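What follows is one structure encoded as structure tokens, with my remarks underneath.
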Amino acid sequence: MKNIIVQKFGGTSVGSTERIAHVAKIIEAATKNSKVIVVVSAMSGETDRLIELSKSFSSTPNKREFDALISTGEKVSASLLAMALESEGISAKSYSASQVSLRTTSQFSKAKILDIDKQRMQKILEEDNVPIITGFQGITEGGDVTTLGRGGSDTTAVAIAAAVDAKRCDIYTDVDGIYTTDPNVVPSAKKLEQISMEGMLELSGQGAKVIQIRAVEFANKYRVPVRVLSSFSEGTGTMINLDDNNMEDAEISGIAFQKNQTKVTFTAVEDTPGIASKILGPLSDADIQVDVIVQNVGIEGKTDFTFTIDSDEKFLLDRVVPIIQESINYKDILIDNKIAKVSIVGVGIRSHAGVASKAFRALAEHNINIGMISTSEIKMTIVIAKNDLEKAVRVLHDEFELEK
Ligand code: ADP
Ligand code: ASP
Ligand code: MG
């Protein structure tokens, strides 16, 4: 089958029955030239509401039931959208992840897609109706429902596009493309006509939630052309460029940030070989993603060991600390959840030493204190107070003149 397009609609795009009716019109227009497969998110705010509800009986709800619960929002929007299309005279059918056999690993809340039953998809495509598939979720070998992490509907869409060899995957959202930073934080941010795969991997990897990092990784691996555009306004959006990995002309491609971070410090640990692995090993076994890591210079055989995690994973830490306690001595654990990370992304980082000093000077001039710094080939991440985050994003965006 030729010319298949996958269209994914995010939470705000299906946020009300009026929006759903509008989305039905977008789908209807696309069906004139292509076979369309639709992937939907839950109506905006719904996943948050379900997460809150899950804490009714325990702050650490059963993981299987948690995923079973928070995956339900997408079922509602998929069925409503099918009804909206039917009312426009277009036959449509909603499908849950299990109905299309979208199999995942069994890590609840951060499951990874393993495969999609291609024969089943083929059959669905041969039927004369628009398939609407629930995003964000899958099913394990044993038949349990899993979810793919926040923002995971993007990944469902790209994975389905890869499975059916779609011509393109269109991610419809509430902004009209990918910008040099979040346009809701910096109104002067510049919309990009296209962005290199390398640049998008870094922006999403550092927190730009406009598209989930795993979706970008999938697009890169399976060479799926992905476009990000608005369901609220007309326009061609931003293409993620699969071929051109040459960002040489853009010294800094964008500023990304992560708001919801926690800093953890083990104080006065023994400054001996193996300490880092004794702390980080159990964290990794518990599937906690650790980012910026700093070990201070040792004084009299003792040192402080600090790292950041996503605040959503803090409850997992409580389970790991007793394991760490068995293998190392330390004085205290300090937990600070009032921090955030801001990252400057671009090839300029690797080739121009001046980027760091320019960033630090600009932040200092605006009284923004730097907590920790980590750099890689094409990004620099700075840990700051959460209160300073939006200001820092604006200051750095201005300093590197990204609006131009
Ligand atoms: P959806 O519900 O459609 O998946 P999201 O809220 O997950 O939408 O993602 C869209 C949001 O991503 C935008 O409203 C914007 O605030 C944010 N965003 C962050 N970084 C960027 C960026 N570089 N370009 C565009 N939007 C961004
Ligand atoms: N509904 C899910 C979430 O809010 C998935 C998504 O929107 O992509 O994270
Ligand atoms: Mg999203």
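Here are a few things to note about the model shown:
- Top-ranked residue in region 162-209 [being within 16 Å of ligand 2 (Cβ to nearest atom) and outside any loop (DSSP other than H, G, I, E, B); ranked as surrounded by the fewest Cβ atoms within 10 Å (Cβ to Cβ)]: Asp170
- Where Met83 falls short, out of the listed (1) assigned to a helix (DSSP H, G or I); (2) of a type in the set (A, V, I, L, M, F, W, C); (3) closer than 21 Å to Ser41 by Cβ; (4) open to solvent by less than 80 Å² (accessible area, probe 1.4 Å): (4)
- Of the candidates Asp388, Asp312, the single residue that is at negative phi, under 28 Å from the mean Cα position of the chain (by Cα) and either in contact (Cβ under 8 Å) with a residue 60 or more places away in the chain or open to solvent by 70 Å² or more (accessible area, probe 1.4 Å) (or both) is Asp312.
- Leu114 open to solvent by 50 Å² or more (accessible area, probe 1.4 Å) and either aliphatic (A, V, I, L, M) or away from ligand 1 (no atom under 15 Å from the Cβ) (or both): yes
- Complete set of residues in region 99-111 that are open to solvent by less than 10 Å² (accessible area, probe 1.4 Å) and either of a type in the set (D, E, K, R) or outside any loop (DSSP other than H, G, I, E, B) (or both): Val100, Leu102, Thr104
- Of the residues examined, Lys8 is not one that is more than 16 Å from ligand 1 (Cβ to nearest atom) and among the charged types (D, E, K, R).
- Output for region 71-93, where each listed residue is closer than 13 Å to Gln137 by Cβ and either touching a helix residue (DSSP H, G or I) at 6+ places or on another chain (Cβ under 6 Å) or hydroxyl-bearing (Ser, Thr, Tyr) (or both): Ser71, Thr72, Gly73, Ser77
- Lone qualifier among Val158, Val186, Val130 - being in contact with a strand residue (DSSP E or B) (Cβ under 6 Å, 6 or more places away or on another chain), within 16 Å of ligand 1 (Cβ to nearest atom) and hydrophobic (A, V, I, L, M, F, W, C): Val158
The values are calculated or read from the model by the stated rules, or taken from the named source; none is laboratory data. Quantities reported herein were computed from a predicted structural model and do not represent experimental measurements. A quick note on method: Cβ atoms are made from the backbone with ideal geometry, for glycine too, and the neighbour counts reach across all protein chains shown. For accessibility, only protein heavy atoms count, side chains too; no ligands or nucleic acids. Shrake-Rupley method; radii C 1.70, N 1.55, O 1.52, S 1.80 Å.
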